[in-house]
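A short reminder: the numbers here are calculations on the coordinates, not readings from a lab. On a predicted model such as this, the values are computed, not experimentally measured, just so you know. Cβ coordinates were reconstructed from backbone atoms using ideal geometry, including for glycine residues, and neighbour counts include every protein chain displayed.
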Amino acid sequence: MIHSFLTDQIRPQRAVASTLYALLAAALLNAPPALAGEPKIATGLVNTMAIKSNGDLWSWGHNAYGTLGDGTVTGETANPLPKLIGTGFADVSTRFFHTLALKTDGSLWAWGTNVEAVFGDDTTADSYAPKLIDTGYKAIAAGRNHSLALKTDGSLWAWGWNSTGQLGVSSQVFRSVSRLPVGAGYKAIAAGFYHSLAIKTDGSLWGWGANDYGTVGDGTNVHVFGPKQIGTNYSAIAAGLSHSVAIKTDGTLWTWGRNHVGQLGDGTTTDRNVPQQVGSGFAAVAAGTYHTVAVKTDGSVWTWGWNGWAYGQLGDGTATNGLTPKQIGTGYSAVAAGEGHSAAIKADGSLWTWGWNVYGQLGDGTVTTSLVPKQIMSLGSAGSVTIDLVPGWNLIGSSSSLSVATLFGDANKIISVWKWFPTTSRWAFYSPSLNSADLAKYAASMGYEVLSTANGGDGLWVNSKNPCSVTPPTGICQ
């Protein structure tokens, strides 16, 4: 059973579906959407999603209600290795047991559980694979039981549950199975568990929804049932279970809401119902259930908040809560924060994860928790071209177009590389670094097998043990 933390703090009126839905989930960075070709990551309750620079969407972790989007429902079974879900994606957002995604053509897709009408497709039917919802969108945000999306014209739309005003439409609407208009002129959105945040094109910050702990940031603790302006000059936002984080255009970081385990990063455990500055020089931020992860303009990653139950989601090598930001690494460009795990992308496109891993949410092929960041795979740098490999045989190109002397690079990831030689009409183990006398001996020592010609074709085939990617012509599998 998935663990949850202080579930008694979740208000009874919000637990409208089942006790399972009272479990805690996670938030991710909701700054302006990624451009096509830019790697993206998203972390949910106990699952993770990643989009490579070539638009391939991968997912791993817990698969209750078809959350992974691979067409199956395996419940609490761990899926510790990334699975390729589809191509042509530009952005993804996942929080509880549903996922929203955008393709590069602006089409909106959803999958997972839809019992709370989080798809916005006029139904409450689940989908275990990506389902086309609508077109013409540029940003998405998945809440615990509600969804937000921005159209290319800047109009904001919301659907799902509205028990505490999280849709921003009306106190009279408790649930909407259809997409409802909220307002116009927006450029960035974030969906918390029961509250929402948005930035308009003029930099003004707006909030609405659950406000028990001052989560909206309007100076009160009363639920807000429509967008209310909180401040000006903001550029990025993130929303957790009951805390909010934002970055201003000058790089200063501001936090507000619940602070019982230090998720606000101000050195105290005192709740705040208005934004307060906790640092400067920041470029991106993500709000987990009870912890926060942020990237500074110099590429350094900082974490603070809940680090309990030996999850290690702060990535500092301990299981101790942090009341102030602590640097854990350098060279990063994007971050995501789940309930008990975190993820980040380095400037070179490499993906790193850390924290709780009982359901394989770290994507490293194990279910072992990690208290420090560990590299998982390469997502590719913006604009780069990568070849994605799935477990088993992969035809990756013609022999005339690829030269991959170092492709197999890591025997723990690549089982073998075989090339079809038309002149001899046979398959042969391919490695220019080894002479012909050593090939058979090397192949036998590594347990390589000859690829059947039934797979056919003049080309290069790779038998991969785990998912990985390579940038030809001389890239090493990462």
All positions within the range 204-230 that are on the phi > 0 side of the Ramachandran plot and part of a strand (DSSP E or B): Gly209
By residue number, the members of the range 186-203 that are assigned to a loop (DSSP other than H, G, I, E, B) and within 26 Å of the chain's Cα centre (by Cα) are Gly192, Phe193, Tyr194, Thr201, Gly203
Just checking, does the range 62-73 include any residue being in a strand (DSSP E or B) and without any contact (Cβ under 8 Å) to a residue 40 or more places away in the chain? yes
Regarding Leu379, is this residue surrounded by fewer than 24 Cβ atoms within 10 Å (Cβ to Cβ), among the hydrophobic types (A, V, I, L, M, F, W, C) and on the phi < 0 side of the Ramachandran plot? no
Quickly run through the range 307-339 and pick out the residues that are of a type in the set (A, V, I, L, M) and out of contact with any Phe, Trp or Tyr (no Cβ under 8 Å at 6 or more places or on another chain). Ala310, Ala334, Val335, Ala336, Ala337
Of all residues making up the range 304-352, the number that are buried (at least 24 other Cβ atoms within 10 Å of the Cβ), out of contact with any Pro (no Cβ under 9 Å at 6 or more places or on another chain) and among the polar types (S, T, N, Q): 2
Restricting attention to the range 92-145, the residues that are surrounded by 22 or more Cβ atoms within 10 Å (Cβ to Cβ) and acidic (Asp, Glu) number exactly 1
Is there a residue being in contact with an Asp or Glu (Cβ under 8 Å, 6 or more places away or on another chain) and crowded, with 17+ Cβ neighbours inside 10 Å anywhere in the range 178-191? yes
Reported set for the range 181-197 where residues are more than 22 Å from Glu116 (Cα to Cα) and without any contact (Cβ under 8 Å) to a residue 60 or more places away in the chain is Gly183, Ala184, Gly185, Tyr186
Candidates Ala294, Ala284, filtered to the one that is touching a Leu at 6+ places or on another chain (Cβ under 6 Å), in a strand (DSSP E or B), touching a residue at least 24 places away in the same chain (Cβ under 8 Å) and not hydroxyl-bearing (Ser, Thr, Tyr): Ala284
Output the number of the condition that Lys200 fails; it satisfies all remaining conditions of (1) under 24 Å from Tyr290 (Cα atoms); (2) surrounded by fewer than 24 Cβ atoms within 10 Å (Cβ to Cβ); (3) among the basic types (Lys, Arg). (1)
Inspect all residues belonging to the range 295-303 and state whether any of them is among the small types (Gly, Ala, Ser) and under 24 Å from Asp91 (Cα atoms). yes
Report yes if Tyr128 is in contact with a strand residue (DSSP E or B) (Cβ under 8 Å, 6 or more places away or on another chain), part of a strand (DSSP E or B) and touching a residue at least 60 places away in the same chain (Cβ under 8 Å), otherwise no. yes
